[in-house]
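FYI, it's all coordinate maths here, none of it is from the lab. What you are looking at is a predicted structure, and each value in this text was computed from that prediction instead of being measured. Cβ placement follows ideal geometry from the backbone for every residue including glycine, while neighbour counts extend to all protein chains displayed.
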Protein chains: 2
Amino acid sequence: MFFKHIHTDKSTKARAGLIQTDHGAIETPIFMPVGTQATVKTLSPDELTAAQAQIILGNTYHLYMRPGADLIEEFGGLHRFMNWNKPMLTDSGGYQVFSLKELRKIDPKGVTFHSHLDGSKHYFTPASVLAVQQKLGSDIMMVLDECAPYPSNREYAQASNQLTVEWAREARELYESHEFLYGHKQFLFGIVQGSTFKDIREQSAKELVKLDFPGYSIGGLAVGEPKEEMYELTDFCTDFLPAEKPRYLMGVGMPEDILESIARGVDMFDCVIPTRNARNGTVFTSKGKMVLKAAKFKHDQNPIDSDCTCYTCKNFTRGYLRHLYNANEILGLRLATIHNIHFYLWLVTEARKHILDNTFATWKEEILEQVTSTVESSNTKP
Amino acid sequence: MFFKHIHTDKSTKARAGLIQTDHGAIETPIFMPVGTQATVKTLSPDELTAAQAQIILGNTYHLYMRPGADLIEEFGGLHRFMNWNKPMLTDSGGYQVFSLKELRKIDPKGVTFHSHLDGSKHYFTPASVLAVQQKLGSDIMMVLDECAPYPSNREYAQASNQLTVEWAREARELYESHEFLYGHKQFLFGIVQGSTFKDIREQSAKELVKLDFPGYSIGGLAVGEPKEEMYELTDFCTDFLPAEKPRYLMGVGMPEDILESIARGVDMFDCVIPTRNARNGTVFTSKGKMVLKAAKFKHDQNPIDSDCTCYTCKNFTRGYLRHLYNANEILGLRLATIHNIHFYLWLVTEARKHILDNTFATWKEEILEQVTSTVESSNTKP
């Protein structure tokens, strides 16, 4: 069985589950660190494991461009290429292609676009992105979708979703004869689109559910719409998705977004925020956010978070981290990334415990207040 | 006893020894990775330990500028600030100050210079650099010296060395009442200068030996003179230094320079080459140098060096490393740095074994031929 729905919290839609892949199990809800170019930026595989990462994400568009799917196939797939032996999910590349705006042109069969690296011309179809993901060898693959921009008018959203559903149908059929190149199984998820229109979202979800995918993504959110609208649309979508299949909210988000979306029935998340913000010097903790470069941390001999058990918090002070950022030292980026990934995984692990205990709702309110605050410095020694 | 001279190779001047500090022992000959700004660039302290680093170097000039010696004192010294609990050596800052050229002015008491960061004016004296190193809390400190540029005329070299000896005498006297701020002992080395003039080098060494330092550095080499001249001057200098004191050749060098200098009686080395070259994509191995970015490694599924036991070589291929460099991923810089530091420490450890076995001379010739060659790619799988 690919997914086991273990428990739903008594007072929210929050779920605890278990995904089973040939590279190991994943306890849900889960956050997936983003490894765009065959590396989660600044981290080694050992550090990801130490941070409790259970599954990471690879970006099909970027890997297709560089180093190319054929080269990765030569190396025995993405797991072997980057030496990551746990589960891996790849997106379809659609999101990146549609983000190119001026550089792409859509037709009923696929999308033509120009590389952001060298301007060369490429064509993605439901079949071609499946073939690329086959060579990458991810445990979970995505169908090609069009992520409608925000805001979109009803007409655009309707047509776009119709195309996305057509492409999903085509991919689902192709999957029937999909071969696993490296011995391990690959699962294919459908992606619910429909922009901000509930009826189109409903239609999208229902069509995809008919195609019987092993899991469903919710796409086209976190693209600029107000947070409340994102939460409401997520809540709306999960009502149309089967309980016995995992739900993945693509590209989300801040710690508060993850908590709110878990409460609305989402099981899986990915986002560049913990890694990108770490490189910009912002870290997240159970007591709130901190901008490590701030002068207020110059004399601070406390760890980022005295309750955190990550390598960074067990070994280094805020004052030292501030120095590393000030001096443009790579170790600073690494240590902050280790902490942020560890924190995101701590957050979903805690969420799961509280779901299983039926205490999720009250815990969520408490932790929300904390994670959305700002940490002040303490100049006293720990 | 600070230094124990254990053995001299039967057919060269190569020595095996042991340095004892309050932060642990150091087996010589030793290479010291450079941690300019309170971090060996890209590496964590755990990775340095895994790479068998026994002692690292901190740069007094850079640390004095940023974050400042007072801040480091507040944090309990450089060991605690950066979480490195093994031995540490600091230079005097002189080399960096004299490299500023246009920005500095020398007088008999010290040197006035302008910060490379903000142009602010500063003054270093033999007493002030000792005070800075006292706050840093390094296990081994250096006296303030003037590193004469290459080429220097005899008159300049003579005057410069006279000043360096005067400053060494002043520092040596100050050291008599030097207090250890953090409980552990600090040792002070004198620095032999004299540019390329043997008689001035001899005079310098003899004057310093009279002052009875626990160890002696050889400075002012590897500043642009031909390699053969560097080897010859090193060989010349060590003849005037006592056998029962360690000798440190500052800022050297390439693997071949280290081997040639060990053969000429040097015990300690530091250089940015393994770390800086790693960040530029060049790695050193027992079979020669490799430029990882080279297209020839694109399909290469071998590790950098199949005989190497570092984390990088045990887990990643040349083809993957090439991809990381091509994609500007920080992990590439890290993995190459891990390998290079591990290689440099492997090299001095092997040298020590062969010194103790009296087989250093023949081993040196064999390994020299290997390390100075270039590794070709092998497209076959390992």
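Key figures for this structure:
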| read-out | value |
| --- | --- |
| Stretch gain in nm, segment residue A:173-residue A:102, where the contour uses 0.36 nm per residue and the Cα spacing is subtracted | 22.4 nm |
| Contour minus Cα-Cα distance for residue B:22 and residue B:370 (0.36 nm per residue) | 121.5 nm |
| Aspartates and glutamates whose Cα lies under 18 Å from that of residue A:287, excluding same-chain neighbours fewer than 8 positions away | A:256, A:257, A:260, A:300, A:305, A:307, A:350, A:365, A:366, A:369, A:376 |
| For q = 0.10, 0.12 Å⁻¹, Debye-computed log10 I/I(0) when each Cα of the protein assembly as shown counts as one equal scatterer | -1.01, -1.26 |
| Under Karplus coefficients 6.51, -1.76 and 1.60, residue-wise ³J(HN,Hα) of region B:190-197 in Hz, glycine/proline x | x, 10, 6, 10, x, 6, 9, 9 |
| Theoretical FRET efficiency, 1/(1+(r/R0)^6), r = Cβ-Cβ of residue A:116 and residue B:293, R0 25 Å, to 0.05 | 0.75 |
| C-alpha center-to-center spacing [region A:242-273, region B:150-167] in angstrom | 69 Å |
| Neighbour-count order for B:181, A:292, fewest beta carbons within 10 angstrom listed first | B:181, A:292 |
| Residue order, fewest to most beta carbons within 10 Å, for A:145, B:107 | B:107, A:145 |
| Between region B:290-325 and region A:349-365, the Cα center-to-center distance that results, in Å | 45 Å |
| Span-rule helices in chain A, defined as complete DSSP H runs reaching 27 Å or more along the axis (Cα) with Kyte mean at least -0.5 | A:330-356 |
| Shielding by partners - mean other protein chain Cβ count within 10 Å, residues of A:326-335 | 6 |
| Cβ crowding within 10 Å averaged over residues, with B:147-154, A:184-191 ranked highest first | A:184-191, B:147-154 |
| Closest approach to the B/A rotation axis among chain B Cβ atoms, residue and whole-Å value | B:330, 3 |
| Test item: A:37-43 mean partner chain Cβ contacts at 10 Å | 5 |
| Part-to-part distance (alpha-carbon centres) for region A:177-230 and region B:48-124, which is given in Å | 56 Å |
| Inter-copy spacing of residue B:24 label points, which lie 7 Å from Cα along Cα→Cβ, given in nm from shortest upward | 2.9 |
| Farthest toward positive dipole pole in chain B [+1 Lys/Arg, -1 Asp/Glu at C-beta], among B:16, B:124, B:64 | B:64 |
| Likely footprinting exposure, A:88, A:142, fewest C-beta neighbours within 10 Å first | A:88, A:142 |
